[in-house]
2 protein chains.
Amino acid sequence: MNFLEKKISECGEIKPGNVLKVDSFLNHQIDIAVVREMALEWQRRYNGSKITKILTIEASGIALATMMAIILNVPLVFAKKSKTSNLDDNVYSSKVKSYTHNTTNMVVVSKKYLSSDDYILIIDDFLAHGEALMGLIDLVNQAGATVVGAGIAIEKGFQNGGKSIREKGYRIESLAIIESMDSDTGKVIFK
Amino acid sequence: MNFLEKKISECGEIKPGNVLKVDSFLNHQIDIAVVREMALEWQRRYNGSKITKILTIEASGIALATMMAIILNVPLVFAKKSKTSNLDDNVYSSKVKSYTHNTTNMVVVSKKYLSSDDYILIIDDFLAHGEALMGLIDLVNQAGATVVGAGIAIEKGFQNGGKSIREKGYRIESLAIIESMDSDTGKVIFK
């Protein structure tokens, strides 16, 4: 077990419907030491890759992405969620379905902050169905920038987002991949 | 002019209705060097104060608060916005009006992450009418924790939030206080 799997086993709460709550260190309260260790591990895995910018999505990815941007000394951009599809011409936008909240949002980035010269590392806390990550990849592609890859904290390996995005040729480095979890026993099995 | 006032003068965009956009370094794209300098300045101003936790509100306060938590080596909690007032008993909540979006949200923090032993430094990007900051102060008071003070990036000094909250006895350290701004000339005057 790595540091993150251990932290999830100790502090994660499993709720019915395959919901994993990591509010105590990642999603509501943030444990700086854990987040630093995560960013250092992504740095190690992407060592040698050119990265000019970090991209994440509001809100819970921002703390992770900030730590990563500090460590790599590059700017960070966070995509915004917007209910409206009436957006102006100055943004790239992509439609993202949230299975958790059963809603569809637009994710939006100003054209000023993604350019074709950029090499983008996408950072996010969760990967499940892959909708948010595909939306972010879509924004980078619209800008003609390069997707270096993604750094994900927790991947729900029993849902198919990671598999289908990797099959499209994108690199995803997930620090903890959950094979299964059980809200009755509270047990998480990692891949 | 300090570093932040200089950055605002160079990169801020003034829109009609006293809207200041700082998307290029603070609110959408984040310039890590600027944010680090801001956090170091708050550290200097609150030097000697006991601080056990940083509190902010999603989304655009999170990057600033993360930097501050790293520098002080304490955990960070971000309050969540919720449309519903049907909240469970496990949270502290406070009603906050947004003048920008003309909406009223609940701001919510799990009771687990604020305790009466805590000494809280509140961090946020903007202070105008003071609704968000008063909401966060209310959450801290509900928990019986101590409000050490607030660290604000940009205060709109021509609106009365800062004045009225200081009059209640709370300490606010704003790094740039705007006295007036003009969307026609693009000029910002600082206090």
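So residue B:26 clears everything in (1) touching a residue at least 60 places away in the same chain (Cβ under 8 Å); (2) within 12 Å of chain A (Cβ to nearest Cβ); (3) open to solvent by 20 Å² or more (accessible area, probe 1.4 Å) except one condition, right? Which one?
In the conditions (1) touching a residue at least 60 places away in the same chain (Cβ under 8 Å); (2) within 12 Å of chain A (Cβ to nearest Cβ); (3) open to solvent by 20 Å² or more (accessible area, probe 1.4 Å), residue B:26 misses (3) alone.
Is it the case that region A:157-171 has a residue that's under 13 Å from the mean Cα position of the chain (by Cα), free of Cβ contacts under 8 Å to residues at least 60 places away in the same chain and open to solvent by 60 Å² or more (accessible area, probe 1.4 Å)?
Yes; the residues of region A:157-171 include at least one that is under 13 Å from the mean Cα position of the chain (by Cα), free of Cβ contacts under 8 Å to residues at least 60 places away in the same chain and open to solvent by 60 Å² or more (accessible area, probe 1.4 Å).
Condition first: out of contact with any strand residue (DSSP E or B) (no Cβ under 7 Å at 6 or more places or on another chain) and among the aliphatic types (A, V, I, L, M). Can you find one or more residues in region A:130-139 that meet it?
For region A:130-139, residues out of contact with any strand residue (DSSP E or B) (no Cβ under 7 Å at 6 or more places or on another chain) and among the aliphatic types (A, V, I, L, M): present.
Those residues that are β-branched (Val, Ile, Thr), open to solvent by 10 Å² or more (accessible area, probe 1.4 Å) and facing chain B (nearest Cβ under 9 Å), I need them from region A:53-105; list them, please.
A:70, A:74
Restricting attention to region B:129-142, which residues are open to solvent by less than 50 Å² (accessible area, probe 1.4 Å) and more than 13 Å from chain A (Cβ to nearest Cβ)?
If the condition is that a residue be open to solvent by less than 50 Å² (accessible area, probe 1.4 Å) and more than 13 Å from chain A (Cβ to nearest Cβ), then B:130, B:132, B:133, B:135, B:136, B:137, B:140 are the ones that fit.
Do the conditions hold for residue A:89, that is, is it modelled with pLDDT of 95 or more and over 13 Å from the mean Cα position of the chain (by Cα)?
Here the answer is no, as residue A:89 does not meet what is asked.
Answer yes if at least one residue in region A:9-22 is within 17 Å of the chain's Cα centre (by Cα), over 30 Å from residue B:22 (Cβ atoms) and open to solvent by less than 30 Å² (accessible area, probe 1.4 Å), and no otherwise.
Yes - at least one qualifying residue is present in region A:9-22.
Could you list, in sequence order, the residues of region A:107-128 that are open to solvent by 10 Å² or more (accessible area, probe 1.4 Å), assigned to a strand (DSSP E or B) and touching a Lys or Arg at 6+ places or on another chain (Cβ under 8 Å)?
A:108, A:119, A:126
When you check residue B:99 against the structure, is it touching a His at 6+ places or on another chain (Cβ under 8 Å), of a type in the set (Phe, Trp, Tyr) and farther than 30 Å from residue A:69 by Cα, yes or no?
Answer is yes for this residue.
Within region A:58-106, can you find the residues that are within 19 Å of residue B:24 (Cβ to Cβ), among the β-branched types (Val, Ile, Thr) and in a strand (DSSP E or B)?
Those that are within 19 Å of residue B:24 (Cβ to Cβ), among the β-branched types (Val, Ile, Thr) and in a strand (DSSP E or B): A:77, A:91.
Check whether at least one residue in region B:37-49 is touching a residue at least 24 places away in the same chain (Cβ under 8 Å), within 14 Å of chain A (Cβ to nearest Cβ), under 20 Å from residue B:146 (Cα atoms) and open to solvent by less than 60 Å² (accessible area, probe 1.4 Å), and report yes or no.
no
The values are calculated or read from the model by the stated rules, or taken from the named source; none is laboratory data. Model, not experiment: these values are computed from the prediction. We place every Cβ from the backbone using ideal geometry, glycine too, and count neighbours over all the protein chains shown. For accessibility, only protein heavy atoms count, side chains too; no ligands or nucleic acids. Shrake-Rupley method; radii C 1.70, N 1.55, O 1.52, S 1.80 Å.
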